[in-house]
Every structure is written in C-alpha cells, then in structure tokens.
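Let me begin by presenting the structure, written as structure tokens, before commenting on it.
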Amino acid sequence: MKGASEGTRWEMHWDEVAVFDINSASLGVDEFALMTAAGEALAHEVAKASGGKEVLFLCGPGNNGGDGFVAACSRSLAGIRTSVLSSHESSKTETSSRARGMAAKGLQIYVWPDSPKGDWALIVDCLLGSGGAGSGEQLRSPIREISDWARSTELPILSCDIPTGLGGIDALKPVRTITFHSPKMGMTESECGEIVVSELPWPIEVRNCGVGDASRYPAMEPDARKGDRGRLLVVGGGPYHGAPILSGMAAARSGCDLIHVAMPASASSRSQWPPSLIPEKLPDREFLTSESIGALSDFIDSGRTPDAMVIGPGIGREKESMDAIESIISLSISKSLPLVIDADAISALPEGKWPDGLIGVATPHLGEVERWLSGTSPRQALANCTKEDSAIVITGFEDEIFGPQGRHCYATGGHPRMAVSGTGDLLAGTIGGFLAQGMAPWPAARLACAVLREAGSRTAKEKGPGLLADDVPVHIAHTLSDWTRDA
C-alpha cells in the first residue's frame, strides 16, 4: 500500500466518507474543489497505468462518477484518447452534474447500453463509491450489466476510491485502486489490487466530531413499533439520585424507545421520576452491592433484554459498589452487551487496560483517566481492540476521543455553562441511547459529543447563566432533528 501516512490515518468505515464530506462542507470547503482534487489525482494514476494508450471511463450517477468525469477531461491525460460511458442519462448530485457538464464540453459521453468503440488498454471504474460498497448484494441495473460487460473484456481495471460492488458477489476486481484520505474497511490487495492512497484538500478538522456524524444515526423506519429504537438499562445512584435520571432523559431524547433506570431503594425513593423512564427495583438500599447482580442478570436474561447499558452515574465509590461494577462489566462482556462506563464506575476498570472483549465506551475526565490508565496511553489501552467496537472519551473543555486502530478526534465548541454539574451524565446517557439504537461505540461516542455540545449552546441561548443540566435534553432532540434533516 502506498501513500498512507503512519499514525495520521485510520482504516475508515465506508460510512465515514459521508461524515467527512458533510463536516468539510460545514467548514466551508467547496465540494467541487474536493471533486476536482480527487479527479486530478485519479487522472495522474490513469496516465501512469495506461502507458499512453486508449482509456475507457465508466461513470456512475453519483460523486464517484463525478470524479471520473473530472479525470476524463484532465490535462494530465492530454494526448491520451479517452472515452466515457455513463450508466445514466444524468448525474444525481449537483457537484457530479457540474463535473459531467464540464466533461461534455470536450468529450462525447455515451450512455449505456449505447457504448463507444475503441482499442482500450485500461478501463477506469468510477461507477459506485462508498455508498454502494460492502452490501454483499447483487448490483442493481444498469450498474450490474456494465460491470458484467467490463469483466467480459478481460481488460485491466483501475478503480476510483472503492471497486464497484466491493464485498458483493459481482464486484469488479481491479489491478489498482486509488482511494482518498485513507484505506476503507474491507479493502485488501486480493479485492482491490494495489492500493494507492491520495490526499484530499481537507482541513484536519474534518476528522473531528461535527454535523456529519449525524449521517450515521439510524434512519427512522416508517413502520417502527415500540422497542424497535432500542432498550437501554441505566444502573446508578446511591449517594446521588439525580444523575441516573439525567442519563435516562438524555437517552430518551436521543431517540431510544425504552429506558429502564435501576437504583438502590433509598435513591429511587428520593427521585422525581419522569413518566418517560421506567424504574427498576434493586435489592440494595443505600448503595449498589453484589446483592443486585442477580436481579440485573435476571433482567438481562428476561424478555426485556436491553440493547445497551450505562453504569456509573451517581453510584459512589464504596468498595462493595466497585466489586459490583466489576461483575456488571464481566456480565456485559459475556453477553456482548454494549456498555457505557461513566463517573465513579471508571474506578472499577482494570488498571492500565481496556477490559478484554468489552464492547463500549468509557467517559473519564482527565483525572479519572490518569488514575485508571496509570501511565498507559489511551491508544495503548485500545491496542487489542478492533474496528469501531470501543472508545475512550476524555471529557473536558474539549473532549478528546480515542478508538481502535489509531482513531482519534476532538469535540469542540459548546458553551462554558456546560461545565455545570450533570452534563457528564447527559453524555453517558446520550451515548447509551445511540448504542441501544444499534450504533457502534466509535460513531456513537462521536455523535453524542457533537450533539451534546450543540444542544448545550442552544440551551444557553435560552437559559443564559442559569442553565441547568436538566434543561438540555430537549435540545438534544432538537439538534438531532435538524442535523438528520440536513445530513
């Protein structure tokens, strides 16, 4: 693999491409400038691979096709005869339509099944990008027919960003793939040929949490029933009773359907229970102990099995509580149940490491992470984790987020008043709500950090210096509504 900078890139999930694109637009980067940069980089590779001989570009209806249109009319291919075969009569995005129009000024664009004739030495695959990758399903018409035809020519193929149909039964198998920013999950030399990574003119901030992360929020199904958006169990309370309630309300406003909150009896009796939360009784009276593990295990194994858990808000640091939390972490691992570990529960984590097999997110502040990791860096702690199944959020003026395989970003912005007590509970609940709805830990942590900071800013405009943590949850819902409509 050529072009990837060690330590500055991670193997991206296909859906992260949209995240970065939207973040880039929100930062004022011109989308057509990005397409032009991608197309020129592609043209440079095509010129080398073709040996100066004829080239056929296959262009799909989206931005991957737009990259192909830019490349086909690039000066880098001056003197090389190029032909363009489009899958559709028109392109479906404004940016790709602009690229198509630019190419049409100097080239004839053929539309399948009408195809050009030529003595081509190379086919350039720009049919589908990240949006069509990895489904494992058969390609749809007319992309399927064009893909079949391209394979039948037995000509070498160079793919743009991701080979068409990657992960599917009828994927194209190029000799080389030029991909942008970093490799994507599932890209191997056996499926992609030689992988060349090209830079894009993105500011480094596109990797940070932002509005683009909302593109990974699970879509609402029109025929959804109660429970389809997830069930969350929050375990906390003891010395403090408000913290688990705040986490539960944040989870409810994140779109999660059913939120159960389990507290020791004394804390539960002091709480003012919102009707949207479901109280769960624990055998303990004053603080969590191992006496409650049986009840929690029974709940997990019942017909009301949660899709994720949050442990820690308001729980205190009693030795017996730490022992109970360790048991809950082990239970989570044994059930492959995603878990958010927050507040005093951080103290129950094994020193200097991430628990083997744990799927979830830890949300320590700087002091907590220093006590927990004890000189081990977050990257080292997550060294044995894979894909997007874990994250460490170090909360503060800026949240710093670490994930497996070099993932690292920041969450910035927000309002100073969000330093008020309870906002950490809101973050834990928001992450838990996203996990319960099916998001993986890394994207859930990113989206929760971004949404909560925006929600805090909106709340501060309304409440000013008197903002309280329980004023914020409704603005989590408002922010998600706006961002998912725009994403």
Sulfur and carbon atoms: percent of accessible area, the stretch 227-266 [1.4 Å]: 51 percent
Ignoring any ligand, DNA or RNA, what whole percent of the accessible area of the stretch 363-487 comes from carbon and sulfur when the probe is 1.4 angstrom? 50 percent
Which of the helices in the chain meet the span-like rule: DSSP H, Cα axial reach of 18 Å or more, Kyte-Doolittle mean at least -1.0? 31-50, 319-335, 423-436, 441-463, 473-486
Pick the calculated Kirkwood radius over Cα pairs in Å for this structure from (i) 24.1; (ii) 22.6; (iii) 23.5? (i)
Write down the accessible area per residue of the chain in Å², having rolled a 1.4 Å probe over the full set of protein chains. 42 Å²
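The values are calculated or read from the model by the stated rules, or taken from the named source; none is laboratory data. Only a predicted model underlies this, so the values are computations on that prediction, with no experimental measurement involved. Please note that ligands, DNA and RNA were not included when accessible areas were found on the heavy atoms of the full protein model with its side chains. Shrake-Rupley method; radii C 1.70, N 1.55, O 1.52, S 1.80 Å.
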